[in-house]
Amino acid sequence: MNVRTRFAPSPTGHVHIGNIRAAIYNWLFARHEGGQFLLRIEDTDRERSTPEAIQTLLDAMNWIGLDYDKEPLYQSTRIEAHLEAAEQLLSKGLAYKEDKGNTGQGEAIVFRMPDKDMVFHDKMKGTLRKPAESLNDLVLVRSNGTPVFHLANVLDDIEMGITHVIRGDDHIENTYRHVALYEALDAPIPQFAHLPMIVNRQGKPYSKRDGDAFVGDFREKGYLPEALFNYLTLLGWSPGDDREKISRDETISLFDIKRVKSAPAQMDLDKLYWMNGAYLQAMPNDQFKQGCIAVLKKQGLWTETLSEDYIDRVFDLMRERIKCFPDIVSLAGFFFTEEYDYDEKAVNKRIKKEGALDRLLKLKDQFVDLAPFDVETIESVLRGLAEDMGISPGGLIHPVRVATSGLPMGPSLFEMLEVLGKDRVIERIDRTSARFNPNR
RNA sequence: GCCCCCAUCGUCUAGUGGACUAGGACGUCGGGUUCUCAUCCCGGAAACACGGGUUCGAUUCCCGUUGGGGGUGCCA
């Protein structure tokens, strides 16, 4: 069978995370089956469907890696066909005109639901049925002459030759009615699969009010498209074994719509963050560098004069500690500016303690004449001084770290100081000392 | 109200009548490695919503209850 699926969003300027997941499943199914994945843009709401909104949609799909076959079909080009089909249903007696009297604009065209229980087979949920008496007739064309979603949706799916409709399970109710429409239109009925929704912490459908509801939100926060893709893929589906980090190609070959869960799933941002870290760790060095640099530039921390050697060494130090590109700013910003912030708690604990500054300055004195200023010499001087002072190395290590980076944690201190360089280390210790000296 | 869908650790899930003292992952807690953080390693706590059936035997099948969601639009 020649499988053909589609993604049919209405462009609103944002792409909802639930919609993109539905798109992903359609895409995966089509790719797995060697079929086609098409895009239909439901742009009949001219108010919202601006060129920018459409571009946002296309960008989001491109970013997360959903390529589509053929040119997108714009629903607005199909209105004539929709109206014509409604007329035909009318002439066949399968629909009727009605004026509820409250519009004053004319008569609507209403589809007469057949007097029988509606049944369809859902690829995930099994056989679904609904009694005839619970299905009302369905408006196809409004009294103002515009076709409604149901008519347009079904007609366009027929036009595009869609064989499998994979969508959110909020559409189950519609499907009973759509099936009746397919029959009335004498068109082959596609297979359906209804995905559970993505819900928020309260178990309610994920909405924009929950934040992080749109693809763009994750992109802006520096998430990797492949990580989001992988995470979303696992939100409702699993390969059946313990694999979790699964490449795109592997997912395509493993994907089975029958293995999609039928219960709603909740976004777990912690796990997404973890997965992003897994992809970041696995990425080639150069790509990692470029990603970090992009964020630094955005934050105004980047200077073109930095030597290649310096940035390589910084990124080497940070490589294992970063799970999302923006982390480079909070964890390593001090490598790129003298105006780094001091962590208040760390300062209280390591700098403002009795005698801490004196010890720090003594260490600085040792640094002044140190040559070379490298990991080995720094470490031996520091440990030697600690021993002379009768304190543990940590008694010096922690204060220097806070003084030179502002942070209570970070990369290996000796390497960090070496990369920073002697002059800057001394300067930073002096500056810190002046700033927090109580006797000033 | 009526109709439809759903129900395993906090979260994502494995599980399709016995292999389950219910497995994995994220998170969390404890320990180890270490100059801190991260990584890594070891270990712990943590779930089959409830009640009836069916069966020699139910997480697994059926019914009901409860809870959540959706629909019942001239919205999509």
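Summary table
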{"read-out": "Residue identified as within 10 Å of RNA strand B (Cβ to nearest atom), among the basic types (Lys, Arg) and modelled with pLDDT under 90 among A:Lys97, A:Lys125", "value": "A:Lys125"}
{"read-out": "Criterion violated by A:Leu57 - all others in (1) open to solvent by 10 Å² or more (accessible area, probe 1.4 Å); (2) in contact with a Pro (Cβ under 7 Å, 6 or more places away or on another chain) satisfied", "value": "(1)"}
{"read-out": "Unique residue being assigned by TED's automatic domain parsing to the domain that holds A:Ser392 and surrounded by fewer than 14 Cβ atoms within 10 Å (Cβ to Cβ) when the list is A:Glu354, A:Glu320, A:Glu308", "value": "A:Glu354"}
{"read-out": "Which listed residue is in contact (Cβ under 8 Å) with a residue 12 or more places away in the chain, surrounded by 15 or more Cβ atoms within 10 Å (Cβ to Cβ) and in the same structural domain as A:Glu220 (by TED's automatic domain parsing), from A:Leu94, A:Leu83, A:Leu66", "value": "A:Leu66"}
{"read-out": "Residue within segment A:109-119 that is near RNA strand B (Cβ under 8 Å from one of its atoms) and either part of a loop (DSSP other than H, G, I, E, B) or among the charged types (D, E, K, R) (or both) present", "value": "no"}
{"read-out": "Segment A:406-424 residues that are assigned to a helix (DSSP H, G or I), paired with ones that are more than 12 Å from RNA strand B (Cβ to nearest atom) (beta carbon under 6 Å, 6 or more apart)", "value": "A:Leu417/A:Val425; A:Glu418/A:Asp374; A:Val419/A:Arg313; A:Lys422/A:Phe373"}
{"read-out": "Among the candidates A:Phe335, A:Phe373, residue that is over 23 Å from the mean Cα position of the chain (by Cα), at pLDDT below 95 and under 16 Å from A:Asp423 (Cβ atoms)", "value": "A:Phe373"}
{"read-out": "Any chance A:Ser405 is open to solvent by less than 20 Å² (accessible area, probe 1.4 Å) and either within 27 Å of A:Ser307 (Cα to Cα) or of a type in the set (Ser, Thr, Tyr) (or both)", "value": "yes"}
{"read-out": "Test: A:Leu232 is more than 9 Å from RNA strand B (Cβ to nearest atom) and either of a type in the set (D, E, K, R) or modelled with pLDDT of 95 or more (or both)", "value": "yes"}
{"read-out": "Selection from segment A:209-261 of residues that are touching a residue at least 40 places away in the same chain (Cβ under 8 Å), polar (S, T, N, Q) and surrounded by fewer than 17 Cβ atoms within 10 Å (Cβ to Cβ)", "value": "A:Ser253"}
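The values are calculated or read from the model by the stated rules, or taken from the named source; none is laboratory data. Just so we're clear, the structure is a prediction, and the values are computed from it rather than from any experiment. FYI the Cβ positions are ideal-geometry reconstructions off the backbone, even for glycines, and counts take in every protein chain you see. Just so you know, the surface numbers come from the protein's heavy atoms only, side chains and all, with ligands and any DNA or RNA stripped out. Shrake-Rupley method; radii C 1.70, N 1.55, O 1.52, S 1.80 Å.
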